[in-house]
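To keep things clear, I will list the structure first and then write my remarks on it.
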Amino acid sequence: MLCCCLYAALVLRGLDAMTLESSIMRVFSQVSNIPLKSVCVMKNPDTRMSLGYAFVELHSLRDSGALLDTVNRLPYPLDIDGKAVIIAYARNTFSTV
């Protein structure tokens with residue numbers, strides 16, 4: 001069951017320090033035909049190196065669920081740049097209250 005704090009994005013954890021958005025897009029295009037809306041690797045502002053996590057935004061919550069399901073059904077861990085990556089729903093913790 002999905003809760004109201006989920007949105008159409010997934011978070012990837014355990015990325016290599018050198019991982020780029022293009023690497024993530026390439027891997028997802030190999031495991032699924034679900035189109036990605038955007039990919040953003042979180043980087044250290046000084047070194048421009050990956051902080052080890054990224055967000056993958058999809059066009060709908062349904063697409064994010066389908067992609068997560070596809071990855072979880074793979075017979076092997078999702079590998080990006082030689083690292084086994086953990087993938088989960090990203091949560092929208094932004095509050096205007």
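Side notes on the structure shown:
- Odd one out for Ser38 among (1) within 15 Å of Val71 (Cβ to Cβ); (2) in contact with an Asp or Glu (Cβ under 8 Å, 6 or more places away or on another chain): (1)
- Total residues in the stretch 42-92 satisfying the condition of being surrounded by 15 or more Cβ atoms within 10 Å (Cβ to Cβ), over 12 Å from the mean Cα position of the chain (by Cα) and of a type in the set (Val, Ile, Thr): the figure is 1.
- Residue within the stretch 65-72 that is among the hydrophobic types (A, V, I, L, M, F, W, C), at pLDDT 95 or above, assigned to a strand (DSSP E or B) and closer than 19 Å to Ala8 by Cβ present: no
- Per-region count, the stretch 16-52, residues among the polar types (S, T, N, Q) and in contact (Cβ under 8 Å) with a residue 12 or more places away in the chain: 5
- Leu20 closer than 17 Å to Arg91 by Cβ, modelled with pLDDT of 95 or more and surrounded by 15 or more Cβ atoms within 10 Å (Cβ to Cβ): no
- Sole residue being among the aliphatic types (A, V, I, L, M) and farther than 17 Å from Met18 by Cβ, chosen from Val85, Val56: Val56
- Residues of the stretch 20-67 classified as over 19 Å from Lys83 (Cβ atoms), among the polar types (S, T, N, Q) and in contact with a strand residue (DSSP E or B) (Cβ under 6 Å, 6 or more places away or on another chain), total: 3
The values are calculated or read from the model by the stated rules, or taken from the named source; none is laboratory data. All values derive from a computational prediction rather than experimental measurement. Note that each Cβ is placed from the backbone with ideal geometry, even for glycine, and that neighbours are counted across all protein chains shown.
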